[in-house]
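So the structure is just underneath, and the comments pick up after that.
The values are calculated or read from the model by the stated rules, or taken from the named source; none is laboratory data. Given the structure is predicted, the values throughout are model-derived calculations rather than measurements. Positions of Cβ are generated from backbone atoms using ideal geometry, with glycine treated the same way; all protein chains shown enter the neighbour counts.
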Amino acid sequence: GENVEQHPSTLSVQEGDSAVIKCTYSDSASNYFPWYKQELGKRPQLIIDIRSNVGEKKDQRIAVTLNKTAKHFSLHITETQPEDSAVYFCAANSGNTPLVFGKGTRLSVIA
Amino acid sequence: GAVVSQHPSWVICKSGTSVKIECRSLDFQATTMFWYRQFPKQSLMLMATSNEGSKATYEQGVEKDKFLINHASLTLSTLTVTSAHPEDSSFYICSASYSGFTDTQYFGPGTRLTVL
């Protein structure tokens, strides 16, 4: 089955700097890669997703890149703000299997 | 749009009792709903996938007789933790999608269960 590895587990950045979180997956059939943000005690919220027919997707300060050959995808947050502090989860799946989540990255943006 | 609610948001119960958690899609019909368990500072662990009108598919290691799932309509799924014990204490989160595995999953706010 699918296995998703996420790095780093914790990340601290200065406000205004960029943050990058990386995930690798094992199943070459996977074709859907969402990213979720979860604040303490709250629900995970989808912030961006990408499908395997696209290499990059951007939404304001957030972007995701996908390298199918290497089987990895990354989340990029530019101009970080304190409210970006949260736990971020990557996930992956194919059309026939449930999402498999990474272990999460705790991002701290220091003002 | 795509709002998912859960009830209750928290519950405390005595060991041996059963607890029912409801998950509702408020503004869309969810063919597929998912139930997760999340321990503090850990990832989301899928417990089961349910499709409206059919039996739930449980992940390996999840006891289906202990965690009863019913997906009776396109807007409601319930998780019943039967004969709860302290080790069942956790954060339970549901999610719903319009259809299938690669549709966007919208998460509920979660239910914190504490078993004394």
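For B:VAL11, indicate whether it is over 29 Å from A:CYS23 (Cβ atoms), out of contact with any Asp or Glu (no Cβ under 9 Å at 6 or more places or on another chain) and either crowded, with 16+ Cβ neighbours inside 10 Å or within 14 Å of chain A (Cβ to nearest Cβ) (or both). It is true that B:VAL11 is over 29 Å from A:CYS23 (Cβ atoms), out of contact with any Asp or Glu (no Cβ under 9 Å at 6 or more places or on another chain) and either crowded, with 16+ Cβ neighbours inside 10 Å or within 14 Å of chain A (Cβ to nearest Cβ) (or both).
Here is the figure for region A:86-111: residues that are surrounded by fewer than 19 Cβ atoms within 10 Å (Cβ to Cβ) and either at positive phi or modelled with pLDDT of 95 or more (or both) total 4. Evaluation of B:GLY53 against the conditions (1) in contact with a Gly (Cβ under 7 Å, 6 or more places away or on another chain); (2) at positive phi shows that the sole unmet condition is (1).
Yes or no: region B:89-102 includes at least one residue that is within 27 Å of A:PRO8 (Cα to Cα), without any contact (Cβ under 8 Å) to a residue 24 or more places away in the chain and of a type in the set (Val, Ile, Thr). The answer is yes; a qualifying residue exists. Of all residues assigned to region A:65-85, none qualifies as being within 14 Å of another protein chain (Cβ to nearest Cβ), under 13 Å from the mean Cα position of the chain (by Cα) and either at pLDDT 95 or above or part of a loop (DSSP other than H, G, I, E, B) (or both). Looking at B:THR78, B:THR114, just one residue is surrounded by fewer than 20 Cβ atoms within 10 Å (Cβ to Cβ), hydroxyl-bearing (Ser, Thr, Tyr) and in contact with a Ser or Thr (Cβ under 6 Å, 6 or more places away or on another chain), and that residue is B:THR114. Inside region B:58-116, residues that are of a type in the set (Gly, Ala, Ser), away from every other protein chain (no Cβ under 14 Å) and more than 15 Å from B:VAL4 (Cα to Cα) make up a count of 4.
Table: residues versus (1) surrounded by 13 or more Cβ atoms within 10 Å (Cβ to Cβ); (2) of a type in the set (A, V, I, L, M, F, W, C); (3) modelled with pLDDT of 95 or more.
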position: A:SER12; (1), (2), (3): yes, no, yes
position: A:ALA19; (1), (2), (3): yes, yes, yes
position: A:CYS23; (1), (2), (3): yes, yes, yes
position: A:TRP35; (1), (2), (3): yes, yes, yes
position: A:GLY41; (1), (2), (3): no, no, no
position: A:ILE47; (1), (2), (3): yes, yes, yes
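Restricting region A:1-60 to residues that are facing chain B (nearest Cβ under 10 Å) and among the charged types (D, E, K, R) leaves a set whose member that is farthest from A:ARG106 (Cα to Cα) is A:ARG51. When residues in region A:1-59 are screened for being among the acidic types (Asp, Glu), over 19 Å from B:PHE34 (Cβ atoms) and out of contact with any helix residue (DSSP H, G or I) (no Cβ under 8 Å at 6 or more places or on another chain), 5 of them pass. If B:ASP27 satisfies all but one of (1) assigned to a strand (DSSP E or B); (2) farther than 27 Å from B:SER89 by Cβ, what's the number of the condition it fails? Evaluating B:ASP27 over (1) assigned to a strand (DSSP E or B); (2) farther than 27 Å from B:SER89 by Cβ leaves (1) as the failure.
Evaluated against (1) among the hydroxyl-bearing types (Ser, Thr, Tyr); (2) under 23 Å from A:GLY95 (Cβ atoms); (3) surrounded by 20 or more Cβ atoms within 10 Å (Cβ to Cβ), B:SER54 falls short on exactly one condition, (3). In summary, strands (runs of 3 or more DSSP E) completely within region B:59-116 and bearing 3 or more residues that are in contact with a helix residue (DSSP H, G or I) (Cβ under 9 Å, 6 or more places away or on another chain) occur at B:111-115.
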